[in-house]
Structures are given as C-alpha cells and as structure tokens.
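Just so you know, all these numbers are worked out from the coordinates, no wet-lab data involved. These numbers come from a predicted model, not from an experiment. Methodologically, a virtual Cβ is constructed for each residue, glycine included, from the backbone with ideal geometry; neighbour enumeration extends over all protein chains shown.
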C-alpha cells in the first residue's frame, strides 16, 4: 500500500474541470471556462515576437535565472508602472503564470493550520492551493461593493496575537467569479486596516487591463506604496495569460524584498526557472509595443460580448436571473431567482447544449446554491445569443413562462 | 514582523549558485555549472520546430491540459520506448522540467518527518527540495559501483513498519555528481529489495542518452516492468534539458496511475499547466526526428570534452587528483589527494581563473572535504586545456611539485 501525504489521500479534482467532458459534445456552447478567446490572440504580433526572440537563441535555450530574464523583468516593471505601480526590475520576479506566484507565496508564508482570509465567493484554484497547504480558510465579510474594510477591522481585532491570519487573498478588480471591482475609498480603508493589523494582502490582478467602462482605479499595490505604513502590505500578482496568451505561462510578482527572496528559493525547488524561450518571446512582445496596440482590440471585443450576454439575459430571462454588468474582466456572476438550484438548471442546460459553472464551486464555506458564473470570453457573439436562448429554454423546464 | 513558514525563516541559497558571481570575472573558465554547452544547441532544428509548432497557433497559445498536450505525450512515450521502457501516452505526464517532477512527487508523497533515502553524494537540488518538505533525509550505502542493494536490504529491515522510508531517490545512469552508472545485476537486485520492502524508487534520468562508451544498461523503469512484483516500484523522471535545451523546460514523469493522478492535481496548484507553446515546439522537434539526428553530435562532442578533461588531469596532476572517466553524462567526480581541502584549493583556483564545485555541496550527511565536481560540458576543448593547467597551478601553491 502506497502512503500519500494525507491531503492527497483522496484528492478532489477541480469542479470546473469536471465539466470539461461536455465540451466535446457536438454543438455545445460553453460559458463555463475562464479561457480567453482563441480567435482574439494576437497571432501576428506573437509570431513577430517569436522571430525577434530567436535572434538570440542562447538566451532562449539556456537556463534562465530563477528571478527571470533581466530584459523581461524590465518590460514587466515598465508595464507595472504603466498601471501606476512604482516598480523596478529587481522589485519583481517572473513566475510560470500567476498560479505559480500564489503557489510560491503559499509555500513560503504558510504553515499547516495558519489562517488565511478570502472573499466569498473566490477563485477555486486559490481555495485548492490553500487546502493542499492545510491552511485554515476563513472568509471576510463583503457586500455588493466587495470586501467591507470596517467589518474586516472588527474581525481582525477578534483574533489573538498567536492566531492571527497570515494573509488575505483578494482580487479587487473584475474579480473571478463576481466581476466586482472594489472602489477607491474601500481600497484605501482596506490598506489602513491591513497595516494596523500587520496583515499581508495578496492582490491578484490578472484582468485589470480589460476595462470596458469607467476610469481605472489604482491597484492596492499602487496605493500601498503611497504611505510608509502600508508600503510592505501588498504582494501583487499578475499574468499575461488573459491579455497576451495563457500558453506563454508568464506571470509576475511584485513584493517586499524579504518575500521575493524566499519565493525565488522556493522557485528553484519548484521548477528552477521559467522557460527562457517564453520569457524572451514575452519580452519582445512587450518591448515592441504589441500589447499596447492589442489591448484596445481585446477590450472592445470583450465589451461587446459582455453586453451581448448581459443584455440577452435581461431581455430573455428578465426577473428569473439576477445579474449585473461588470466593468471589465471575463465573467458575469448571477443567480437564479426563487432559490432555483444552479446544479439542477445546469443539468437541463447541458441537455440544451449550453454550459456554465454552478456558483457553489467558488465558496469556501456556505455556498449560494442558486449562484452561477458565466464567461462571455470564448464564444462568439452569435454563440452568446444562442447560449442565452438555450438558458431560457432550460429554465422554462422548471415551470417558468 | 512577517512570519514565514519555518523552513523559509532563514533560507539557504544553493551553494552552487554562490559561485555564479565569479562567472563574470573576465577570463574565468567554469567547470562548475551543470549547464549544457550553448554552442551545441541544435538551433536550426529548434527554429524549424518552432515554425512547425506555430502552424497551429491556438494549440501553442491556449491553456494546455495539466497532463500535457496529447501530441507531446505521444512523442515522449515514443522516446521512452526507444529507451526500452514500455510506455503509452497516458502513462506519463509532462512537467516543467524534471525538477518539477521531483517537486510534485515530494508534495504528493511526503509528510514532514517522513524518511527519504538518498545516495551520498547526490544532486543538491534534490536535497534542497527534501529539506524544504521537512523530510528526514537518510543515506544509503554505496561504493565505487554505486548503491549497494545488499546493504540497503539490511538497512530497510532495520526500520519499524511505522517508520519505514517513503522513497529512495536515485540517479543510476551517469549520476550527478559522481558520473557513476549502476550495473545491471545491482539494478535487478535493487528492484527486488525495493519490492520486498514496498519502497518506491524515484529514478532520475536526465543524462542517460549521453553515453560515450559501452552498451546501454536498461533503466530501472524498464527492468521494473518485467516482473509483476516490481511493476509499480519505480517512478521515472526525465528531461529534455540536457539533450535538447534547458530553455524549453520540458520534463516528464512515468509512474503508477495513482501517483500520476495525484501529481496532476498537484500540478494544477503548482502552475496549472506547462507552456503549450513550448510543448508544441518540443513535440515538433521530437516528431521530426531532430533529436535522433542531433544526439550523436552531442555525444561525440561531450565525449571529446570528457576525454580532454580526464586525460589532462591525469597528465598534469597525476596522483594529486584521483578521478575516473565516466561512461557518459556531464560530470567528472574526483578528489584531491592527501586530504587537501577542496574549498581551500578552490580559493586558489579562482585566483587562477578556474571554477569548480567543492564536493561538500552534494552530501546530506558527512561530506568528503577533498571531493570535487567538474563539468566538462560548457567550456571549449581549448578552455578545458587551460582549465587543467590552471588547476595544476592552483594546487602547486599548496607545495606540490
């Protein structure tokens, strides 16, 4: 009999991956995945970046340093400054996607039994990483405007010094799954509370550049650096997966030197270094200005898809489905009215050849069983139209007119 | 005050990386790193593979499955069968280098305090991964022919059922650092012992294709699959880093289904998936037969470099340095005679502009302070000649004629 680490004795697969088997059903339209649209990849720009990168084949092919190629770190620091975050190349490290960034933080910061705070609902891969690290996951109070700093303050005051939370994981801009964006005042208040209670905030920001409406709100990482007390409160994670392509597997982490140093050592153990070849391609892509040129294309396309989905849902489902238009990102969060069970509706939806993710996958504690996450990113506008019709047909089987 | 996981409270950098700072000294010749030779990369073949892979840009750019792209898994299964290991695509998973393979196994199999057996000396990144996992590292008896199965049998019999080792890590072919290859009889005996004691063997095989002399010896993974009792005894790790290029960051793991399944879940947390782009390039490179054509080029060049190093050492240092010609791989292991301290000689060697790794970096327990690891891979033949002269000059400062 083989003995596994107890957390791997009877491992749970991802509930979202469970839905993958339906993707191969002919005619299925998926609103389930968080995949960016394949037909929006900047193939021409990436092909050119690939050619430019390979002009220095040894940089592509040899081991990179664990921190990342200097040129890519420069380019990512530049991109981060464009987002408003004061940042130099040596205040960030390159990671193999932002998933690895979170994983390195978990390894370095957490011991089994440590308390980690998350919003509810939140990103399931974060919950999985925390569970495998045997963290004690606790939720923080939030409302329709996101996390509530005043309630967090009270919650943090209730812990003993020995048992206070190690970190708070938050995705304040176009969150997965809710699409919510935390306002400026709450961001400032959140940082103040964190500084007062010596709480480290992990800000996950993969979607921030995909804004459809309104003006950009400064990231927590930017705001934190405006005050000496909050300076070291935030570790910022981001990724090229949603704005360039997931296949490059390039993310980055901006954080205090003591955290970055340890994450670099953890990365030596995790994978030695991120592919130098992918780093060189990403560097060329950013340095050529392709991302700046491509972002408006992406944003315009996703905005149209988002409007089609939310508009269609409102027109065809009306009161039966409650949802709001997000200001950016890839996701619409909603709920079936009258306590209709999202898994039950999904069964019917699959019969009608449309997929979504039941919201329960996103809860650490008490799930809202009527909640639903819909992604408008991958299907075409026409596909989104059909998807809405099919959802309407599925929910009619529950006796709705 | 920030609290880290205790293993990261005062983290140790890699002792090999400590030497990196000397690499920028003008004129320095390094026998220290384990980097393959940059001028032996198959740039033309890889450029062609890159072009072929990008004919299907979506496969490159979209998320891959955590197990790896089907086409690459096929190609790696084919390569593994060429090495003698019965293997289909679904009996392996793709990893981000074989370092990740080890990391996934450590996560899945080990709990803090678990006993892990290693040869002494062994690969330092393995020791680091085990230490960070809070494993109890114990060494197994080995001699000039490698690990001794009879002594391992006695050692294994000495553990209680509650405290028996979880796994044995071994690199039986052209090991790093010793260059040693375990003979066929010992391999068979080792598997028998492992099966009898229900011990899982992790066989790390990054160098096996780089054979200079003699006939190939079946891997432990191949031998294990010949008998029902040893069928599930071995997890096999390999990598394209030394035979294609480290920058592709492609490794693979062949193992029992229960282990692979859990490692796949651990990989979701670690980095979601390996870069689909790199996977597609690796697939094209293998499928085009480039590796088969390039391996003889590599082997010939490394054989000549190895002969130049060992021949030069014997001619110029004679009795002062004891070493043997390895049958393959990238490393020569040796020791200064008369108990001369390898770190003291290294200080003088650095003054003479030549670098090596003191052997103490490779020991879990009691280091041999005279031992030295030399890599012939990166420098040119001419550079190796100079390196030997400089080592001779360095050791003369200790009063040798």
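In a Debye calculation with equal point scatterers on the alpha-carbon sites of the stretch B:49-89 and no solvent, what is log10 I(q)/I(0) at q = 0.23, 0.26, 0.29 Å⁻¹? Cα-only, vacuum Debye calculation for the stretch B:49-89: -0.80, -0.88, -0.95.
Based on alpha-carbon atoms, the Kirkwood radius and the radius of gyration of the stretch A:131-242 give Rg/Rh equal to 0.95. By DSSP, the beta bridges lying fully in the protein assembly as shown are antiparallel in about 55 percent of cases. Dimensions of the stretch A:52-290 from C-alpha coordinates, computed as largest minus smallest value along each principal axis and given longest first, are 57, 41, 32 Å.
Helix-only arithmetic for the protein assembly as shown: the sum of -39500 (n - 2.57) across DSSP H runs with n ≥ 4, divided by the residue total, places the mean residue ellipticity at 222 nm at -12500 deg cm²/dmol. When A:67, B:203 are sorted by how many other C-beta atoms sit within 10 angstrom of their C-beta, beginning with the fewest, the order is A:67, B:203. Distances between equivalent label points of residue B:23 across the copies, with each point positioned 7 Å along Cα→Cβ, amount to 3.7 nm, shortest listed first. Distances, shortest first, from the label point of residue A:397 to those at the same position in the other copies read 8.1 nm; the point lies 7 Å along Cα to C-beta.
The mean of 1/r over all pairs of different alpha-carbon atoms in the stretch A:103-146, once inverted, gives a Kirkwood hydrodynamic radius of 10.9 Å. Computed over Cα pairs, the Kirkwood radius of the stretch B:221-334 leads via Stokes-Einstein (0.890 mPa s, 25 °C) to a diffusion coefficient of 139 µm² per second. Taking other Cβ atoms within 10 Å as a rough exposure proxy, B:73, A:81 sort from fewest to most as A:81, B:73.
By the count of neighbouring beta-carbon atoms within 10 Å, fewest first, B:391, B:130 end up ordered B:130, B:391. Each copy carries a label point for residue B:162 at 7 Å from Cα along the beta-carbon vector; from one copy to the others these points are 2.6 nm apart, nearest first.
In this structure, residue B:2 and residue A:216 have a Cβ-Cβ separation that, at R0 = 25 Å, corresponds to a calculated FRET efficiency of about 0.25. With Rh defined as the Kirkwood radius, the inverse of the mean 1/r over Cα pairs, the Rg/Rh of the protein assembly as shown is 0.99. Normalised radius of gyration (Cα atoms, divided by 2.2 N^0.38 Å) for chain A: 0.99. Over all distinct Cα-Cα pairs of the stretch A:1-99, the Kirkwood formula returns a hydrodynamic radius of 18.3 Å. With only Cα atoms counted, the stretch A:211-264 has Rg and Dmax values of 13.8, 38 Å. Most simply put, chain A has about 55% antiparallel DSSP beta bridges, counting only bridges with both residues inside it. Distance between the 7 Å Cα→Cβ label points at residue A:315 and residue A:258: 5.7 nm.
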